[in-house]
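For reference, the structure is listed below as structure tokens.
Coordinate-derived values only; no laboratory data. Bear in mind the structure is a predicted one, so any value in this text is a computation, not a measurement. Cβ atoms come from the backbone with ideal geometry, glycine included; neighbour counts cover every protein chain shown.
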Amino acid sequence: MKVNSVKRLKVLFLCSWYPNKDNPTVGNFTQKHAEAANIYNDVVVLAIVASKNTHSIEIVESTTNGLNEIVVYYPKKDSFFTIGNKISGLFSHIKAFRLGYKRVQEKLVQPDILHLNVTYPLGIWAKWLKRRKGIPFVVTEHSNGFHLNGDHSYSKTILTLCKSILSDASMLLPVSEDLKNNLVQLAPNSFFKIISNVVNENIFKLQPRSSSTLKKLIHISTGYDPQKNLSGIINVLHKLVKIRQDFQLTIISDGDVEYAKKLVADLDMTEKILFQGPKSTEEIAKFMNQSDALLLFSNYENFPCVIAESFMIGIPVISTSINGIPEHVKPWNGILVEKGNESELIRALIQFLDNSNVYDPEKLHNYALEHFGYHAVGKSFDTVYHSILKD
């Protein structure tokens, strides 16, 4: 629902990650940010996607919850690059952006402000639009590639490019304080404001919970094991089942989790650990409403949307104490454990199973509304835009 304001700005959301036909869930948190910003301003999304399923440039326009979206696909070359393939891919990318921006102009004429979502790789176009068109830009950053001390960080070449882009932005809007601390090392003279991931309060609703001796845990992720450590969760639950039986875990994943399914089968845990494939936002909310806690055991993160969604539903979070997670997960709304410490996770699960009634669903929900609600986050973006444009 759009809100009337003194002046609704024309905002271009330029997205390096965005849901598309090849990967319907990638960057879904960016889509949610765009929907929140669209409450107070007129937003058009532009995403440029290299696709193996496209043989020529294809432009797809759609509307999601009142949000105008333009996704431009161009052919993705094989990984075994030749110089010719690289040059061809570059020209296709440039052409895709120019055609996409032409569609943007048909809707907005010229944006008042550009909101770049994830610096690499489309940040170069934000910089170009600022230089050529005089359009200021802000950057919302989610990427783990800026964990500068991690082995998953961007290469030096990409970091150098990102530094140039970040330094040219009017304001940087990382989703966590931890991510800000990394970005400061690249752009020390920039202005910062933390604006968290967002949750649609009209979908993730607080509802009455049924009491049961069987506590249902839920895990939602890509299942990429070096990051999400699903194998660690499975090992822990295999140890826990020898102590008690009053729990069950459902894993919802849009990634390749065959390794996890095999491990569960090998450990004879198929009755305790269930798997679900990709789900819509509404379906995820339904599964969460049937759960008692979110379980994460990640090795690195920024601040996952699923934590904010859990709080909005009114369920606590059991997670590793890494990166941006401790900024919101506290003793009154969850339990934190050391990264990779399986013994500590077992103790945390036992603590939860013995004391699951100490968490106040309404208090968790109200916290989520204040920090992650569509109106709260949309208004934060609106304040930033107007402060930059001085109107």
Exercise for the section: Run down the aspartates and glutamates and flag those whose C-alpha is under 19 Å from the C-alpha of K390, throwing out any fewer than 8 positions away in its chain. Expected result: D42, D112, D168, D382
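Calculated FRET efficiency, V3 and K95, Cβ-Cβ r, R0 22 Å, to nearest 0.05? Could the numbers behind the result be given before it?
On the way: r = 37 Å, r/R0 = 1.68.
Efficiency, from the Cβ-Cβ distance: 0.05.
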Practice task
Any chance you could run the full-extension gain for F192 through Y259? It's 0.36 nm times the residue separation minus the Cα-Cα distance, nm to one decimal.
Solution key: 20.1 nm
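Which trypsin sites (Lys or Arg not before Pro) does the range 19-52 hold that lie in a coil by DSSP with at most 16 other beta carbons within 10 Å?
K21, K52
To the nearest 20 debye, what is the magnitude of the charge dipole of the range 284-391 about its Cα centre, counting +1 on the Cβ of each Lys and Arg and -1 on the Cβ of each Asp and Glu?
140 debye
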Handout entry: Residue-span extension gain [N202 to K107] - 0.36 nm each, minus C-alpha spacing
Key = 31.4 nm
Exercise for the section: Specify the angular offset, from 0 to 90 degrees and rounded to the nearest 10, of the alpha carbon long axis of helix 361-372 from the longest principal axis of the alpha carbons in the chain. Expected result: 20 degrees
Completion exercise
Tilt, helix 156-168 to longest principal axis of the chain (alpha-carbon atoms), in degrees rounded to tens, equals 70 degrees
Handout entry: Ellipsoid semi-axes in whole angstrom, largest first, where each is sqrt(5λ) of the Cα gyration tensor of the range 284-355
Key = 18, 15, 10
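Rounded to the nearest 500, what is the chain's calculated 222 nm mean residue ellipticity when only DSSP H runs of at least 4 contribute -39500 (n - 2.57) each, over all residues?
Calculated at 222 nm, the ellipticity per residue is -12500 deg cm²/dmol.
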Exercise for the section: Quick one: go through the range 105-145 and flag any residue whose amide nitrogen is under 11 Å from the point 7 Å out along the Cα-to-Cβ line of K163. Expected result: none
Practice task
Would you please name the trypsin sites (Lys or Arg not before Pro) within the range 239-304 that are DSSP coil residues with at most 10 other C-beta atoms within 10 Å of their C-beta?
Solution key: K242
Problem - R0 of 25 Å, Cβ-Cβ distance R347-H152: FRET efficiency to nearest 0.05 - result: 0.35
Exercise for the section: Could you tell me how many degrees, from 0 to 90 and to the nearest 10, lie between the Cα long axis of helix 374-389 and the main elongation axis, the longest principal axis, of the Cα atoms of the chain? Expected result: 30 degrees
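Set the Förster distance to 25 Å, then compute FRET efficiency between N355 and T270 from the Cβ-Cβ distance, nearest 0.05.
0.35
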Exercise for the section: At 7 Å along the Cα-to-beta-carbon direction for both S280 and W332, put a label point, then send me their distance in nm to one decimal. Expected result: 3.6 nm
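Per residue, what volume in Å³ does the convex hull of the Cα atoms of the chain enclose?
141 Å³
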Fill in the blank from the handout: Treating every alpha carbon of the range 66-215 as one equal point scatterer without solvent, the Debye formula yields log10 I(q)/I(0) values at q = 0.12, 0.15, 0.18 Å⁻¹ of -0.67, -0.94, -1.19
Exercise for the section: Any chance you could tell me what percent of the C-alpha pair distances in the range 250-391 go past 20 Å? Expected result: 56 percent
Problem - Exposed-loop-free span, longest in the chain, where GluC sites (Glu not before Pro) count as exposed if DSSP calls them loop and at most 13 other C-beta atoms lie within 10 Å - result: 1-270
